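The values are calculated or read from the model by the stated rules, or taken from the named source; none is laboratory data. None of the values given here were measured: they were computed from a predicted structure. Cβ placement follows ideal geometry from the backbone for every residue including glycine, while neighbour counts extend to all protein chains displayed. Accessible surface areas use protein heavy atoms only, side chains included; no ligands, DNA or RNA. Shrake-Rupley method; radii C 1.70, N 1.55, O 1.52, S 1.80 Å.
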Amino acid sequence: MAYVKLSQIKSEGYLKRAINYILNPQKTENGMNTASYMCSTENADLEFNEIRKQAVKKGKVIAHEIYQSFSPEDDITPQKALEIGQELMRRTFPDFQYVIATHNDKEHIHNHIIICAVNFNDFHMFPNKLATLEKVRQASNELCKEYGYSVITPNPKGHREKLKAVIDDIIGNCDTYNDFFKELKK
């Protein structure tokens, strides 16, 4: 089961610190569990900025970070996690530079992937939308299935669905608008 989270990086100083953090030799078996695509790990921040200069539309976000965490119950090696992370990027963002590092310093192995905010093919911005996170999660789940690891199953009774069910139940038991709000407060 790989949990996936997506966040933004909006300052060049933080980008450099984030890259240094993920490449920490103590967390990556002396750099053995790191890789990059269309940039070097040592100068990724500078190379990201060169691509960003070509951007069709300038934005405040300079990079994105994908955090992909595997279940401690899955018998996954750092090398296999790195391979899955790289395949995730090939499938979801093939035209974006990135640096990836697999950490094994916690009970769960996890990937940090820092992605340039602008793609190198047509210089458009990274699609930072809720649908993008869902696309990454779906691709991560597909990869986990392919590699024989557990998958996060979506909860059909998410917060909105639960709230809708509660409201529908209350409406069915109320005669007036005021009764509805009294019951809703309870």
In the stretch 1-35, residues that are touching an Asp or Glu at 6+ places or on another chain (Cβ under 6 Å) and within 19 Å of F70 (Cα to Cα) total 2
Considering residues that are free of Cβ contacts under 8 Å to residues at least 24 places away in the same chain and open to solvent by 80 Å² or more (accessible area, probe 1.4 Å), the number found within the stretch 1-20 is 3
Condition check for N141: outside any helix (DSSP H, G or I) and either modelled with pLDDT of 95 or more or not charged (D, E, K, R) (or both):
no
Counting only residues in the stretch 168-186 that are modelled with pLDDT of 80 or more and either of a type in the set (S, T, N, Q) or not in a helix (DSSP H, G or I) (or both), the one least open to solvent (accessible area, probe 1.4 Å) is identified as T176
Of the residues in the stretch 85-131, those that are assigned to a loop (DSSP other than H, G, I, E, B), closer than 18 Å to T34 by Cβ and open to solvent by 50 Å² or more (accessible area, probe 1.4 Å) come to N104, D105, K106
Could you tell me whether D75 is over 20 Å from P25 (Cα atoms), at pLDDT below 95 and open to solvent by 40 Å² or more (accessible area, probe 1.4 Å)?
yes
Has the stretch 50-58 got any residue that is without any contact (Cβ under 8 Å) to a residue 40 or more places away in the chain, open to solvent by 20 Å² or more (accessible area, probe 1.4 Å), in a helix (DSSP H, G or I) and touching a Lys or Arg at 6+ places or on another chain (Cβ under 7 Å)?
no
